[in-house]
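The structure under discussion appears below in the form of structure tokens.
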């Protein structure tokens, strides 16, 4: 899309033209998803992020008329979204770990039982992963090794370790979410 054409489309969108927004969406959505997958290594999360970004663009469309380079603006938003995603994930994992640790030390039998059930789900889920992924997960979470240390010990790239951990954590998040949903139904 050429600059004058893009500027015109942004003006139309800022004025509420849905057809102009569709043109922009069709032009940029596939590239945005591809870009996000490269950062998150999760196509489902990346598609959700892209949808959220375009929804945000539509909801704040009056700002679009001030943008000089839409492509730069969009991909900068994407980078911030990915950073926020990983920050929230780190906090969530830390909270879950602290909760499990605290619950296992708690005097409350109910909390200790819940923590044991969660740990059993994590253990069973890890057992069903590929041997390489399970080994990398255990080295990271149980032995406390860094991604670089794991890569060196296994003779693989650090990026491969990161990809396995990202996939393992994604699977675990989904299993724990299902467990909590099923628990809340009872």
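The values are calculated or read from the model by the stated rules, or taken from the named source; none is laboratory data. All of these numbers come straight from a predicted model, not from anything done at the bench. Glycine gets a Cβ as well: all are built from the backbone with ideal geometry, and neighbour counts include every protein chain shown.
All told, residue 177 falls short of being surrounded by 17 or more Cβ atoms within 10 Å (Cβ to Cβ) and either part of a helix (DSSP H, G or I) or at pLDDT 90 or above (or both).
When the test is whether a residue is part of a helix (DSSP H, G or I), modelled with pLDDT under 90 and surrounded by fewer than 18 Cβ atoms within 10 Å (Cβ to Cβ), residue 26 does not pass it. For the range 38-62, a residue qualifies if it is farther than 30 Å from residue 159 by Cα and surrounded by 12 or more Cβ atoms within 10 Å (Cβ to Cβ), and the qualifying residues are 56, 57, 58, 61.
Look at the range 53-72: where a residue is modelled with pLDDT under 90 and a partner is surrounded by fewer than 16 Cβ atoms within 10 Å (Cβ to Cβ) and part of a helix (DSSP H, G or I), sitting 6+ places away or on another chain with Cβ atoms under 7 Å, you get 65/11. Checked against (1) without any contact (Cβ under 8 Å) to a residue 24 or more places away in the chain; (2) touching a helix residue (DSSP H, G or I) at 6+ places or on another chain (Cβ under 6 Å); (3) closer than 25 Å to residue 82 by Cα, residue 20 passes all but condition (3).
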